[in-house]
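A.B. asks: Provided herewith is a single structure, encoded as structure tokens, for subsequent inquiry.
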Amino acid sequence: MRIRRRVSTCLVGAWLLGACASPASTPDCNSPASADSRGCAVSPSLTDSGPALPRWPYLQSVHQTSAIVAFRTESDCLPTVRYGEGNTLTSSVSAGLSGTHHAVTLTGLSAGHTYGYVVDACGSTTGLRSFQTATGTSSLQTHFTAMGDFGTGGAMQKKVLEVMAMPQWRSELLLTLGDNAYPSGTEAELQAHLFTPMAPLLREVPMFATPGNHEYVTAQAQPYLDNMYLPTNNPQGSERYYSFDWGPVHFLALDSNCAVGLASPDRCTLAAQKAWAEADLIASSRLWKVAFFHHPSWSSGVHGSQLTMRRQFGPLFEKYGVDLVLTGHDHDYERSKPMHGDAEASYGQRGIPYLVVGSGGATLRPFSSPQPAWTEVRDAAAYGFLDVLVDGSTLTARFITSNNTVRDTLILKKPVVAVVPGVQEAALDAGTESRPGPMDGRVAPELQGPVPPADTPESVADPEEPLPPR
Ligand SMILES: [Fe+2]
């Protein structure tokens, strides 16, 4: 349920904070002593109070002017979310209906601003947390992270999350690349392996998820869909695949299960998703385009390359200027050379780097074959996540290990982006229309590598998949 009602609230939120009080004389709010008792606005506490919520708030579908705060309560009640710029919570919105599953939409936000919020629910008040709304086209910078195959609730997932929480890696948004909750994507597993271990992060960093094959073990990923509040900007109105913009980047989230035979046709089809994806990419004029999904188009890991994803969507990525493709499924890290079709891009041909970041926590699997010629870097010994910084015409992606080391760095550059005050958007549009050259700084042709191994037969869940210690 999504409630989009906004209530202004000098009567509720701000009053509780003292911001709407009318003191008889101007108080000395610079004095720390008993400031709130004299009508001064005070910052909400950072500490949670009252009974612990069974699920702490998590941010969903954060856009330029709206955001969803989802959470669960132990018993039925009618919660309120107070929010505002910085630490001043001048607005509040009611959940609208009494219940235990809540998803409250905050509206009236401004692009690229930082908002604080607290949840008042069933006698609990969460500590103040902050998030940033999506930036608009005038912004040239974006910082996001991505990881897949993490939902174990195990020690390595927690170690990866500890590093991701470090200030230098704290991003504006997180992309998940599937297998969010092993082994079967049930309601209980989503809680134990996703929402509980990731609660501190998801309270401040919006998660844009894609489903893996393990989510499809249970009811065609219905528990996953029930717990996510993702964009639904496709004709099917489905959260399984969607797109959104954040600053200079257009993100395309695909559900590869719909393409590899794991989804039943009444849930999603390759044809419908492909038709929507093409229209979506055509419509986007953002400078950068990043696609992400679970089954890898290029992989030399245990599962190997998923040829349906490569051959159905690769031509669209090439035709409409996708710059970077992020996937998971194989429990390792791998970055291809710039690829085109079924081979490395030849000289003068636009190539796309395909990354597997299936290293978020599930047990790593060693490579069983020599490194292919098309692989730039691969590593099946390091857990970690991808950190991506977009700054104008430069995109820098780093694979950060659970030991907080930079294992791999990829730098992509657009040909020209003229940064002239007042005309930045025009410059960006022009840059988008010109086709970039070969990526990753390579200008010399390289010998084409062999076509990588074909798909291994796909199953919904890998019965042999070992889980790390809980
Ligand atoms: Fe998988």
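The values are calculated or read from the model by the stated rules, or taken from the named source; none is laboratory data. Because the structure is predicted, anything quoted here is derived from the model rather than measured. Positions of Cβ are backbone-derived with ideal geometry, glycine not excepted, and every protein chain shown enters the neighbour counts. Heavy atoms of the whole protein, side chains included, go into the accessibility calculation; ligands, DNA and RNA do not. Shrake-Rupley method; radii C 1.70, N 1.55, O 1.52, S 1.80 Å.
Yes or no, residue by residue, for (1) more than 29 Å from S49 (Cα to Cα); (2) over 14 Å from the mean Cα position of the chain (by Cα); (3) charged (D, E, K, R); (4) modelled with pLDDT of 95 or more:
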position	(1), (2), (3), (4)
A121	no, yes, no, yes
F131	no, no, no, yes
Q141	yes, yes, no, yes
F144	yes, no, no, yes
G151	no, yes, no, yes
Q157	no, yes, no, yes
E162	no, yes, yes, yes
A165	no, yes, no, yes
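A.B. asks: Could you please give the count of residues in the range 92-105 that are of a type in the set (S, T, N, Q) and open to solvent by 10 Å² or more (accessible area, probe 1.4 Å)?
C.D. replies: 3
A.B. asks: Right, another one. Only one of (1) within 16 Å of the ligand (Cβ to nearest atom); (2) surrounded by fewer than 22 Cβ atoms within 10 Å (Cβ to Cβ) is not met by G358, so which one is it?
C.D. replies: The failed condition is (2).
A.B. asks: Looking at the structure I just gave you, is P79 open to solvent by 30 Å² or more (accessible area, probe 1.4 Å) and either more than 18 Å from L128 (Cβ to Cβ) or not charged (D, E, K, R) (or both)?
C.D. replies: Details: open to solvent by 30 Å² or more (accessible area, probe 1.4 Å): no; either more than 18 Å from L128 (Cβ to Cβ) or not charged (D, E, K, R) (or both): yes.
Here the answer is no, as P79 does not meet what is asked.
A.B. asks: Would it be correct to say that G178 is on the phi > 0 side of the Ramachandran plot, surrounded by fewer than 19 Cβ atoms within 10 Å (Cβ to Cβ) and touching a residue at least 12 places away in the same chain (Cβ under 8 Å)?
C.D. replies: So G178 does not fit the description; no.
A.B. asks: Under 8 Å between Cβ atoms, at least 6 apart or on separate chains: pull out the pairs that start in the range 206-232 with a residue that is under 30 Å from G112 (Cβ atoms) and end on any residue that is part of a helix (DSSP H, G or I) and within 14 Å of the ligand (Cβ to nearest atom).
C.D. replies: A209/Y224; T210/S256; P211/A221; P211/Y224; P211/N257; Y224/E215
A.B. asks: Hey, another quick one. So A165 ticks every box in (1) closer than 22 Å to W246 by Cβ; (2) in contact with a Lys or Arg (Cβ under 7 Å, 6 or more places away or on another chain); (3) away from the ligand (no atom under 16 Å from the Cβ) but one. Which box is left unticked?
C.D. replies: Only one criterion is unmet by A165, namely (2).
A.B. asks: Restricting to the range 385-412, name every residue that is open to solvent by less than 30 Å² (accessible area, probe 1.4 Å) and on the phi > 0 side of the Ramachandran plot.
C.D. replies: If the condition is that a residue be open to solvent by less than 30 Å² (accessible area, probe 1.4 Å) and on the phi > 0 side of the Ramachandran plot, then G392 is the only one that fits.
A.B. asks: Does the range 168-185 hold any residues that are among the polar types (S, T, N, Q) and within 16 Å of the ligand (Cβ to nearest atom), and which are they?
C.D. replies: Answer for the range 168-185, where residues must be among the polar types (S, T, N, Q) and within 16 Å of the ligand (Cβ to nearest atom): T176, N180, S184.
A.B. asks: Condition first: closer than 24 Å to D48 by Cα, among the aliphatic types (A, V, I, L, M) and more than 16 Å from the ligand (Cβ to nearest atom). Now tell me which residues in the range 190-230 satisfy that.
C.D. replies: Answer for the range 190-230, where residues must be closer than 24 Å to D48 by Cα, among the aliphatic types (A, V, I, L, M) and more than 16 Å from the ligand (Cβ to nearest atom): A192, M198, A199, L201, L202, V205, M207, M228.
A.B. asks: List the number of the failed condition for V118; all other conditions in (1) assigned to a strand (DSSP E or B); (2) hydrophobic (A, V, I, L, M, F, W, C); (3) within 16 Å of the ligand (Cβ to nearest atom) hold.
C.D. replies: V118 satisfies every listed condition except (3).
A.B. asks: Now, a different point. Could you say whether any residue in the range 294-312 is under 30 Å from A111 (Cα atoms) and in the same structural domain as L190 (by TED's automatic domain parsing)?
C.D. replies: Yes; the residues of the range 294-312 include at least one that is under 30 Å from A111 (Cα atoms) and in the same structural domain as L190 (by TED's automatic domain parsing).
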